[in-house]
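Quick one: the structure is below, questions incoming.
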Amino acid sequence: MTHQAADAVAYANGMIELSHSFDANRFLAAIDRDELATLTPHLQLVHLKSGQVLCEPGEMLAAVYLPVTTAISLQYVSSGGMTLEVAEIGSESVVCDDVIGGSGRMPCRAVACRDGFVYRLDRRVFAAAFDASPVIRHLVFVCVRLLMAQVAQITFCSRHHVLKHQLCRWFLLAFDRTRSIEIQVTHSMLAQMLGVRRETVTDAAGEIQKLGLIRQYRSSIELADLDGLEKMSCGCRAIVRDEMKRILSADSGVPAASRA
């Protein structure tokens, strides 16, 4: 389904969500007009459900995904089935082998964090555009830097900070991406991303709720006090957010001709 059929996608899924132009994803917005024109016929705007798995470790990524209103969680899976989120890719980037480092086989699980839209692109079309365009190769390099900025800090956070502080970090980073105080997520999904038992998440979220910082519902969490969450957070959110802003800001001042 093409971009022009976005309203039909929203209606078919029983949702009220506006259609999106290509510049809703930063990667597409930064591509030269002529190069975007070659990709446009192949872009499909599709809706992902929260928790939908795009790829398991060891599998090939079926397509390239450019998030618009959802984010893709990258999770490493142990031999015993334990999981840990190391990064999320949102509308600032692209989910593809060249960014994640799959080289044909994914090293991690890719899961939609919440309901929302992505542009889907055939991996062969993207590979041809990558080979032909210095600008696209440069943008992929920027996306790798964005990913590594998250991986380093989130790995440190998961090792050294208590769970309720990690939860606050996760809530605030989700808010940064969506600008919405209602985050569609369950305790089971949070446990999967933070690498702990669901009951442990329930206890920690209960402590945060007692402080009036969040309100919990069946399949979503409302951020009731952003300032309070910021104070309780371990500070890793600010480090990740500021480093990603620095990378994007530095790249925005580089003309396409210089990138080439």
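Using the alpha-carbon atoms, what tilt in degrees (0 to 90, nearest 10) does helix 134-160 show relative to the longest principal axis of the chain?
10
Something else: Could you pull out every one of the aspartates and glutamates with an alpha carbon less than 18 Å from that of K210, ignoring same-chain neighbours closer than 8 positions?
Those aspartates and glutamates meeting the cut-off are E182, E199, E222, D225, D227, E230.
Further question on the same structure: Angle, helix 163-178 long axis vs. longest principal axis of the chain, Cα atoms, 0 to 90°, nearest 10?
40
So which cysteines of the chain have no other cysteine's Cβ under 4.7 Å from theirs?
C55, C96, C108, C113, C143, C168, C234
Right, another one. Please report the equivalent ellipsoid semi-axes of the stretch 155-228, computed as sqrt(5 x eigenvalue) of the Cα gyration tensor, largest first, in whole Å.
Ellipsoid semi-axes (Å, largest first): 17, 14, 12.
Bins of 5 Å, beginning at zero and ending with the bin holding the largest distance: percent of Cα pairs per bin for the chain, please.
Spelled out per bin, shortest first, that is 1, 6, 13, 17, 19, 17, 13, 8, 4, 2, 0, 0.
Something else about it: Among the trypsin sites (Lys or Arg not before Pro) in the stretch 19-68, which ones are in a DSSP loop with at most 15 other Cβ atoms within 10 Å of the Cβ? Mind listing them?
K49
Bear in mind these aren't lab numbers, they're just calculated from the coordinates by the rules spelled out. Computed from a predicted structure; not experimentally measured. Virtual Cβ from ideal backbone geometry, glycine too; neighbours counted across all protein chains shown.
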